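Since the structure comes first, as structure tokens, the remarks are kept for the end.
Please treat every number below as a calculation from the coordinates, not as lab data. On a predicted model such as this, the values are computed, not experimentally measured, just so you know. Here the Cβ is made from the backbone with ideal geometry for all residues, glycine too, and neighbour counts use every protein chain on show.
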Amino acid sequence: MNNSAPIIPIPKCEKVKSYRPGSKEREEIKNEYKKLLNKTTTIPMFIDGQNITTNNIVEIYPPHNHKKLVGKYHKGNELHVKNAINSALKAKRNWENMDFYERSSIFLKAAELLSGPFRQKINAATMIGQSKNIYQAEIDAACELIDFLNFNVKFAEEIYQKQPESTKGVWNRMEYRALEGFVYAITPFNFTSIAANLCIAPALMGNTVIWKPSDSQIYSTKVIIDLFKECGLPDGVINVIFTEPEMTSKIIFEHEDFAGVHFTGSTKVFRSIWENIGNNINKYKSYPRIVGETGGKDFILSHKSANTDEVVAAMIRGAFEYQGQKCSAASRAYISKCKWKEIEEKLIAELKTIKMGHPGDFSNFINAVIHKQSFNILEKTLEKVKSDSNAKIIFGGNADKSVGYYIQPTVILTKKHDFFTMKNELFGPILTIYLYDDNNFDDILKKIDNTSEYALTGAIFAKNRDIIIKCLEELRNSAGNFYINDKPTGAVVSQQPFGGSRGSGTNDKAGSYLNLLRWVSPRTIKENFQNINNYRYPFLENEKN
Ligand code: NAD
């Protein structure tokens, strides 16, 4: 019973800690990192509130040191997928019936735990398991996830409060039902916060979920499971399985109660998921919701009126932070010819100061790329570029996997605006630059718009307002997140809702009410208070002669 109308507290974005030398947080994270490194963490699956172990054990090694065993996870099979589905369906009724304010308090508690006792646990696990430096871990695993939790609860309240008009004698209501069935969350390796949010967002709206994380993010998944246990999430609301993706999807996409998929990952995989769902469309009780945020080929355009230092800082942060493994990472830049010498000089000088190595050494800006497959693709790309006369590597270009999967931050200068590294998502620390003629600015805008299949993020640098206005218009559909005089990465929940269209996804804007709307199926309820006791309308009355 809820004899009150509580108000969700007004959220504020979590403050990013600095981790300066001498700070308390620096001491704390160093201790937690060391503690984790010194043990081998066992990670069972999590179904119906139970830890599920199997005989199929997979070892986990950090990307920056492939000889150091840090964890072991229990891999599941078909039976575990089916058990997870049954668990989600069993938990559904109680969960969707639970008062929204009670559901909310579970997630608000999770946010509070992350801000306090879980902060360094999730940061350290993300640093080790996904090779992020402390700053990248802090803005992702701690801050963004805290923001997702706090803001989504507030957005959900706002959605529920949105009600239709009523007239005299009639009360109209909108009930924001959960979807009928279960939701499947498939998550990428590169953001701990996105991984957690893809299952938390549908769950907040009353859905029960099966979550299959990326194999390369299972180490920090363990902390999220611990968080679910600690914040009091009821059994079966979110079920976590470590299973083969194709097999898992086959079982789930053939189930009549499959109600929606919340995906983030590559465009290729998302397209195969959509196709798979389409092929099974006659099997479902409802039309499933398909939400996917996918790849990017994100650009920086620097006009001759731009400030050189700002452009260089944006290129370095935008292209190389987290080794370029952000969907929003700048991977193609268009620089005005007349400014190139100045920009090149500064860019190379700055890149020379960057250190690469493991995240335990806080002087390293760059760490390792996620795994061997990614390393191999990037190494091959560099070899291909070296032998192509249409491009030249002007910085970096080396790869070394003797200790970890290290790819040196690399800058390519190309003569071809549609060179393959200007078009294809590489997902590594590689930035390709094309110089354009200042007299032909309209042409470069067309090239930016047409070169790749993606439309996720993009940034323009200019002081000239007419140029900024022109870019806003001409590049309207080239990016779902558009930046003016800022790098194209680092979207903050509630401030820059995130997502792109074209090949980059369904643009349902994670971290906004728009995403939450995909996880509800509204029921309109009209209640009549008047007595209408015969069918005759006044127009039927006899006319008087
Ligand atoms: P990925 O596509 O390789 O894997 C993503 C998830 O899909 C993983 O859990 C994986 O196991 C699963 N998967 C793989 N094959 C599958 C199949 N056939 N059926 C069902 N699931 C399957 O991506 P990744 O390497 O983990 O992440 C990098 C990609 O994610 C990049 O393309 C990046 O741009 C994208 N990304 C996009 C956003 C965004 O918001 N647009 C955010 C983060 C990452």
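Some points to look at:
- Over the chain, dividing the summed -39,500 (n - 2.57) contributions of all DSSP H runs of at least 4 residues by the number of residues returns a 222 nm mean residue ellipticity of -11500 deg cm²/dmol.
- Length gained when the stretch GLU112-SER23 is fully extended (0.36 nm per residue, less Cα-Cα span): 29.9 nm
- Extension gain, MET98 back to GLN373 (0.36 nm per residue minus Cα-Cα distance, nm): 94.6 nm
- Flagged links, alpha-carbon separation over 22 Å, of LYS92/LYS285; LYS92/LYS162; LYS17/LYS72; LYS384/LYS416: LYS92/LYS162; LYS17/LYS72
- Fewest-first ranking of LYS401, LYS17, LYS168, using other Cβ atoms within 10 Å as the exposure measure: LYS168, LYS401, LYS17
- Between LEU540 and SER4, the simple label model (points 7 Å from Cα in the Cβ direction) yields a spacing of 5.1 nm.
- Residues VAL269, VAL369 in ascending order of nearby Cβ atoms (within 10 Å, fewest first): VAL269, VAL369.
- Inter-label distance, nm, simple model (7 Å from Cα along the C-beta direction), LYS12/ASP418: 5.2 nm
- With respect to the chain, whose longest principal axis is taken over its alpha-carbon atoms, helix 218-231 is tilted by about 40°.
- Per residue, the average separation of C-alpha pairs within less than 8 Å and at least 6 apart gives region 298-484 a relative contact order of 28 percent.
- Gain on full extension, evaluated as 0.36 nm per residue between THR524 and SER266 minus their Cα-Cα distance, stands at 89.2 nm.
- Working from the Cα coordinates of the chain, the gyration tensor eigenvalues give, after taking √(5λ), semi-axes of 42, 31, 22 Å in decreasing order.
- For LYS392, LYS339, order by how many other beta-carbon atoms lie within 10 Å, fewest first: LYS392, LYS339
- Whole-Hz ³J(HN,Hα) from phi, Karplus 6.51 cos²θ - 1.76 cosθ + 1.60, for region 188-199, glycine and proline x: x, 7, 8, 9, 4, 5, 5, 4, 5, 5, 5, 9
- Per residue, the convex hull around the alpha carbon atoms of region 105-225 comes to 101 Å³.
- A cut-off under 15 angstrom between Cβ atoms defines the neighbours of GLU310, and their net charge, with Lys, Arg +1 and Asp, Glu -1, is +2.
- Taking a ≥ b ≥ c as the square roots of the eigenvalues of the Cα gyration tensor, region 263-397 is classed as prolate, since a/c reaches at least 1.5 and a/b is larger than b/c.
- Of all DSSP beta bridges in region 12-91, antiparallel share, percent nearest 5: 70 percent
- Summed side-chain charge close to THR41 - residues other than THR41 whose Cβ falls under 9 Å, Lys, Arg +1, Asp, Glu -1: +3
- Amide H to amide H distances under 5 Å link ARG177 with SER521, ARG523, where only residues 5 or more positions off or on other chains count and H is placed in the peptide plane.
- Degrees separating the helix 78-97 axis from the principal Cα axis of the chain, which is the longest one: 50 degrees
- Less than 5 angstrom separates the built amide H of ILE210 from those of VAL183, TYR184, ALA185, ASN239, all sequence-distant by 5 or more or on a different chain.
- 3J(HN,Hα) couplings calculated from phi for region 409-416 with the Karplus curve 6.51 cos²θ - 1.76 cosθ + 1.60 (θ = phi - 60°) are, in sequence order, x, 10, 10, 10, 10, 10, 8, 9 Hz; Gly and Pro show x.
- Normalising the average separation of contacting C-alpha pairs (under 8 angstrom, six or more residues apart) by the number of residues puts the relative contact order of region 60-170 at 27 percent.
- Under the shape rule built on the C-alpha gyration tensor, where the axes satisfy a ≥ b ≥ c, region 1-105 is oblate, since a/c reaches at least 1.5 while a/b does not exceed b/c.
- In terms of its alpha-carbon gyration tensor, region 298-484 comes out prolate; a/c meets the 1.5 threshold, and the first ratio a/b outweighs b/c.
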